[in-house]
Amino acid sequence: MSSIFAHEIRQPLSAIRCWTYTARRMIEKKAPEADIQKTLSQIETQTDRAENFISQFKKYAKSGNTVHVRLNINDLFDDAVASFKTTSLGVVPVELHHW
């Protein structure tokens with residue numbers, strides 16, 4: 001359980017670290033404000049993701065029951081690919097094709 005928790009928290013933290021680095025570089029290079037705002041929005045998204053996981057984990061830990069949730073598999077893959085692209089800094093090209 002602890003390894004799952006650590007993994008799920010590390011993902012958004014790694015993304016936040018990458019986006020923060022990007023924002024800092026953009027500010028140094030005097031990038032357009034709209035681009036900086038978009039980057040800050042990505043940081044907020046990853047922060048929300050971590051907060052959501054922590055909330056779900058707390059509910060699970062309190063209840064001791066498994067909660068089944070119906071998920072859209074395409075959304076799940078899109079999220080996974082977006083996280084991978086963010087944490088790999090776009091070094092590895094990833095494309096996802098829906099059928």
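The values are calculated or read from the model by the stated rules, or taken from the named source; none is laboratory data. Computed from a predicted model, the values in this text were never measured in an experiment. As a convention, Cβ positions derive from the backbone with ideal geometry for all residues, glycine included, and neighbour counts pool all protein chains shown. These accessible areas exclude ligands, DNA and RNA; they are computed on the full protein's heavy atoms, side chains included. Shrake-Rupley method; radii C 1.70, N 1.55, O 1.52, S 1.80 Å.
Scanning the stretch 21-40 for residues that are open to solvent by 50 Å² or more (accessible area, probe 1.4 Å) and assigned to a helix (DSSP H, G or I) yields Tyr21, Arg24, Arg25, Ile27, Glu28, Glu33, Ala34, Asp35, Gln37, Lys38, Leu40. Tallying residues that are touching a residue at least 12 places away in the same chain (Cβ under 8 Å) and under 15 Å from Ala82 (Cα atoms) within the stretch 21-45 yields 3.
Selection within the stretch 1-38: residues that are β-branched (Val, Ile, Thr) and within 30 Å of Lys58 (Cα to Cα). The member of this set that is modelled with the lowest pLDDT is Ile4. For residues that are under 9 Å from the mean Cα position of the chain (by Cα) and of a type in the set (S, T, N, Q), scanning just the stretch 39-86, find the one that is modelled with the lowest pLDDT. For the stretch 39-86, the residue satisfying everything is Thr86. The residue that is most open to solvent (accessible area, probe 1.4 Å), counting only those in the stretch 1-20 that are within 18 Å of Ala80 (Cβ to Cβ), free of Cβ contacts under 8 Å to residues at least 12 places away in the same chain and aliphatic (A, V, I, L, M), is Ile4.
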